[in-house]
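The values are calculated or read from the model by the stated rules, or taken from the named source; none is laboratory data. Computed from a predicted model, the values in this text were never measured in an experiment. Here the Cβ positions follow ideal geometry from the backbone for every residue, glycine too, while neighbour counts run over all protein chains shown. To get the accessible areas, we keep the full protein, side chains included, count just its heavy atoms, and leave off ligands, DNA and RNA. Shrake-Rupley method; radii C 1.70, N 1.55, O 1.52, S 1.80 Å.
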There are 2 protein chains.
Amino acid sequence: MPSGRQDVRERLQAAALELFRERGYDQTTAAEIAARAGVTERTFFRYFPDKREVLFDGEVGMLAALSAAIADAPDNLGPMDVLLRTFRSFEKTIEKNRPFNEPRQAIIAVTPALRERQLLKSAAMAVVVASALEKRGVERKMAALTAQAGVAVFDHAGRAWFEDPSLSLGEHMKRAFQALHGLAAQNAKPRSRTASRSRTASARPKRHK
Amino acid sequence: MPSGRQDVRERLQAAALELFRERGYDQTTAAEIAARAGVTERTFFRYFPDKREVLFDGEVGMLAALSAAIADAPDNLGPMDVLLRTFRSFEKTIEKNRPFNEPRQAIIAVTPALRERQLLKSAAMAVVVASALEKRGVERKMAALTAQAGVAVFDHAGRAWFEDPSLSLGEHMKRAFQALHGLAAQNAKPRSRTASRSRTASARPKRHK
DNA sequence: GTAGAACATGTCAGTGACTGACACAAGACA
DNA sequence: TGTCTTGTGTCAGTCACTGACATGTTCTAC
């Protein structure tokens, strides 16, 4: 039954997606996935280090591309602009993948174990992004912070696009970045400069624990 | 051997921390933790839903306090300011807990399974924060985005404080928030860097890998 | 064309996380 | 005093995951 190596991999992923949709992640055993793909459980674990990972795959290739795209961005941009620009350069690809990602994301959303794994992937992405920013000369902690915020915004835009596809993903991204922008600006809103307020009651409600 | 219910819980946590430090998380079985605490494995799983959770506990109580603190913040602040203020109100408590958190955090840092769980906890915190912001009248998506960014900054400050305790946690938080602020502001600003342009990043670096 | 290496898979046995069911002890309470 | 509740131990079982080994298939060198 097994033929090409790539073929087996894809059969396993397809089988997993089907079964998860039919019975849910927890009610599906690795052996069942393997059986539907025409291999044994042992083979399943030769392709994927654990059961969760069968739903997370494209992300690896994306990281390298992401890193390269950040490196290639023009020189005269601030770090956050680099990220916006980079993420938007993936817009088309991601939009094209929506039919595949939609059911996948639906399963992840209702399965805590998978949400956990997805958070790990996002964190990994932030690490890669941070490192790519550092290579552009951004100071280390700044790079980490920017990456973290940027990935958060990216995820946020992705979720927004998922529940409202009437706007393009790029538009959602633009808005999310603008919102973040506005947030920071709002900080100084009550007319006087932020620095002057450093004295006022250094915020201590009576809660603890 | 088991005496009070709370007592057993704490013995289990202490035993787990000890064993994880001695042999590492993966080399420690739940049965061993239970044995050192003077109970059986089955009892361990009556106190904690899974092995990872034994290291994450205080966080539950913190969420309620966080939510309350956000609700109690003065009215005239932008959402991000509310968060900075709120987080800083926890400064003392967190600093006091450092001796307990330090070894714990060290173990988490070297154990992927635990890092994953910690990310889930942060995400849960973001959800709570977002909901608390919404109750203050912040629009839903804006609340989510603010919470996400705020928690990211909070985590970032925590990590920075961990590796450099010469500055207070509050100071790290202030700086992280200011950095985020600066990031957004920088967005619109074309920057000319000193030693850039001709050589550094514009020549496409190696692409592969 | 064939020997042998390299690779992909199957089989089997085993560990460890976690769960449900039941029995039992001790204190709370009627 | 007897019953009820609560916390625990015991046992059997499922499932994720792993190491070791045997077998088949494909690739390569000669």
Chains A and B: accessible area buried, summed over both chains, 1.4 Å probe, nearest 100 Å², reads 4900
If N is the number of residues in segment A:5-54, what value comes out of its Cα radius of gyration divided by 2.2 N^0.38 Å?
0.97
How many nanometers, to one decimal and shortest first, lie between the label point of B:Arg42 and those of its other copies, if labels sit 7 Å from Cα toward Cβ?
3.4
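Could you calculate the FRET efficiency of A:Gln178 with A:Arg98 from 1/(1 + (r/R0)^6), where r is the beta carbon distance between them and R0 is 30 Å, rounded to 0.05?
According to the calculation, E is roughly 0.85.
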What does the charge dipole of the protein assembly as shown about its Cα centre add up to, to the nearest 20 debye, if the Cβ of each Lys and Arg holds +1 and the Cβ of each Asp and Glu holds -1?
1240
Using a Cα distance threshold of under 22 Å, what count of lysine pairs results for segment A:1-148 when pairs must be 8 or more residues apart or interchain?
5
For chain A, what is the calculated [θ] at 222 nm in deg cm²/dmol (nearest 500), taking -39500 (n - 2.57) for each run of four or more DSSP H residues and dividing by its residue count?
-22500 deg cm²/dmol
Kirkwood Rh and Cα Rg combined as Rg over Rh, evaluated for the protein assembly as shown:
0.98
Taking the Cα centre of segment A:56-183 as origin, sum charge times position over the Cβ atoms of Lys and Arg (+1) and Asp and Glu (-1), and report the length of that vector in debye to the nearest 20.
100
Of every Cα-Cα pair in segment A:56-183, the percentage lying beyond 21 Å is 38
Per residue of B:171-184, what is the mean number of Cβ atoms on other protein chains within 10 angstrom of that residue's Cβ?
5
Projected onto the charge dipole of the protein assembly as shown (unit charges on the beta-carbon of Lys, Arg, Asp and Glu, signs +1, +1, -1, -1), the Cα from B:Ala37, A:Pro112, B:Ala109 with the largest positive-side position is that of B:Ala109
At B:Gly4, label 7 Å along Cα→Cβ: distances to the other copies, nm, ascending?
6.6
Given a 1.4 Å probe, the accessible area of the protein assembly as shown per residue, as a whole number of Å², is 52
Please list 3J(HN,Hα) in residue order for segment A:61-72, calculated via the Karplus relation 6.51 cos²θ - 1.76 cosθ + 1.60 where θ = phi - 60°; whole Hz, with x for glycine and proline.
x, 5, 4, 4, 4, 4, 4, 5, 5, 5, 5, 7
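Within 10 Å of each Cβ in A:70-79, how many Cβ atoms from other chains are there, averaged over the peptide?
Neighbouring Cβ atoms belonging to other protein chains average 5 per residue here.
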Across the residues of B:127-136, average count of Cβ atoms on other protein chains within 10 Å?
0
